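Derivation of every value follows stated rules applied to the coordinates shown; laboratory data play no part. Quick caveat: nothing in here was measured; it's all calculated off a predicted structure. Every residue, glycine as well, gets a Cβ built from its backbone with ideal geometry; the counts of neighbours run over all protein chains shown.
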Amino acid sequence: MVYDNIVLIGFMGSGKTAVGITLSKKLFKDFVDVDAVIEAEQGCSIAEIFERDGEAYFRTLEQKCINELTSKKGQVIATGGGVPIHSTISDKSLIVYIDADFDVIVDRLSARERAKRPLFDDEERARALYDARIDTYKELATFSVDANQVIPTFIHMIVDYILDKRVL
Ligand code: S3P
């Protein structure tokens, strides 16, 4: 199997963007972040899109964005936590699940990072969302990495796995 792109999935705050930046440098690939692309195209923040247009509209933007990005090749793509749940991801993607426990995520997220994420307003609802989503993340993943430690301790596991595969 030859993959077009590496797509990082996982719950909000699991570290997809930080992992993606490091991974793209190590693999000499371009890095793109679905949330950042949507914010640039819409000219406002994700929180403002939720507030102004609602979650359902945001989900249509995500599907459009992931379709456009995966029509190209050779990128590391960080997705928002809802992408694997609400969108279809090209089957030519090597999907890496950044698997962090909910309590680890809560410890990692600063108040500022939380405020950017409307679905993290209420911690108990966020935990229920996490519980409802993890099976889908695991099922979709080509490879899962235990992300409960700091990035430098597990990034080499992702790199080793990917270097064994063919990614254009
Ligand atoms: C969401 C995750 C967020 C962002 C939006 C919705 C979700 O991205 O796309 O707030 O449904 O899990 P991160 O996973 O980067 O926090």
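For residue 166, are the conditions met, namely being touching a residue at least 24 places away in the same chain (Cβ under 8 Å) and farther than 15 Å from residue 13 by Cα? Give the derivation first.
Numbers: touching a residue at least 24 places away in the same chain (Cβ under 8 Å): yes; farther than 15 Å from residue 13 by Cα: yes.
Yes; evaluated as a whole, the condition is true for this residue.
Looking only at the range 9-27, count every residue that is among the charged types (D, E, K, R) and either buried (at least 22 other Cβ atoms within 10 Å of the Cβ) or touching a Cys at 6+ places or on another chain (Cβ under 9 Å) (or both) and tell me the total. Full working, then the answer.
Within the range 9-27, the first condition is being among the charged types (D, E, K, R), and the residues that meet it are 16, 25-26.
With the extra rule that they be either buried (at least 22 other Cβ atoms within 10 Å of the Cβ) or touching a Cys at 6+ places or on another chain (Cβ under 9 Å) (or both), the set shrinks to 16.
Counting residues in the range 9-27 that are among the charged types (D, E, K, R) and either buried (at least 22 other Cβ atoms within 10 Å of the Cβ) or touching a Cys at 6+ places or on another chain (Cβ under 9 Å) (or both) gives 1.
Of all residues in the range 26-38, which are over 15 Å from the mean Cα position of the chain (by Cα) and part of a helix (DSSP H, G or I)?
26, 27
Hey, residue 70 hits all of (1) within 11 Å of the ligand (Cβ to nearest atom); (2) in contact with an Asp or Glu (Cβ under 8 Å, 6 or more places away or on another chain) but one; which does it fall short on?
Status for residue 70: all satisfied but (1).
I'm trying to understand the selection: among the residues of the range 40-55, which are within 12 Å of the ligand (Cβ to nearest atom) and in a helix (DSSP H, G or I)?
Of the range 40-55, the ones within 12 Å of the ligand (Cβ to nearest atom) are 45-51, 55.
If the condition is that a residue be within 12 Å of the ligand (Cβ to nearest atom) and in a helix (DSSP H, G or I), then 46, 47, 48, 49, 50, 51, 55 are the ones that fit.
So if I check each of 85, 105, 49, 66, which one is within 15 Å of residue 138 (Cα to Cα), among the β-branched types (Val, Ile, Thr) and surrounded by 13 or more Cβ atoms within 10 Å (Cβ to Cβ)?
Details: 105 fails: within 15 Å of residue 138 (Cα to Cα); 49 fails: within 15 Å of residue 138 (Cα to Cα); 66 fails: within 15 Å of residue 138 (Cα to Cα).
Checking each option against the conditions leaves just 85.
Find the residue count for the range 115-160, including only residues that are outside any loop (DSSP other than H, G, I, E, B), within 27 Å of residue 25 (Cα to Cα) and in contact (Cβ under 8 Å) with a residue 24 or more places away in the chain.
11
Only one of these is under 17 Å from residue 63 (Cβ atoms), of a type outside the set (Asp, Glu) and within 16 Å of the ligand (Cβ to nearest atom): 21, 9. Name it. Walk me through it before giving the result.
Numbers: 21 fails: under 17 Å from residue 63 (Cβ atoms).
Sole residue among the options that is under 17 Å from residue 63 (Cβ atoms), of a type outside the set (Asp, Glu) and within 16 Å of the ligand (Cβ to nearest atom): 9.
Every residue, every condition in (1) small (Gly, Ala, Ser); (2) exposed (fewer than 13 other Cβ atoms within 10 Å of the Cβ), yes or no:
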position: 89; (1), (2): no, no
position: 111; (1), (2): yes, yes
position: 114; (1), (2): no, no
position: 120; (1), (2): no, no
position: 126; (1), (2): yes, no
position: 135; (1), (2): no, yes
position: 152; (1), (2): no, yes
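Answer yes if at least one residue in the range 76-91 is in a helix (DSSP H, G or I) and closer than 21 Å to residue 158 by Cβ, and no otherwise.
Start the filter on the range 76-91 by keeping residues that are in a helix (DSSP H, G or I), which leaves 83-86.
Among the residues that remain, those that are also closer than 21 Å to residue 158 by Cβ are: 83-84.
The answer is yes; a qualifying residue exists.
Of all the residues that make up the range 92-102, how many are within 13 Å of residue 140 (Cβ to Cβ) and either among the polar types (S, T, N, Q) or assigned to a loop (DSSP other than H, G, I, E, B) (or both)?
The initial filter retains those residues of the range 92-102 that are within 13 Å of residue 140 (Cβ to Cβ), namely 93-99.
If we keep only those that are either among the polar types (S, T, N, Q) or assigned to a loop (DSSP other than H, G, I, E, B) (or both) as well, we get 93.
The number of residues fulfilling the criteria is 1.
Looking at (1) crowded, with 16+ Cβ neighbours inside 10 Å; (2) within 16 Å of the ligand (Cβ to nearest atom), which one does residue 142 not meet, given that it meets all the others?
(2)
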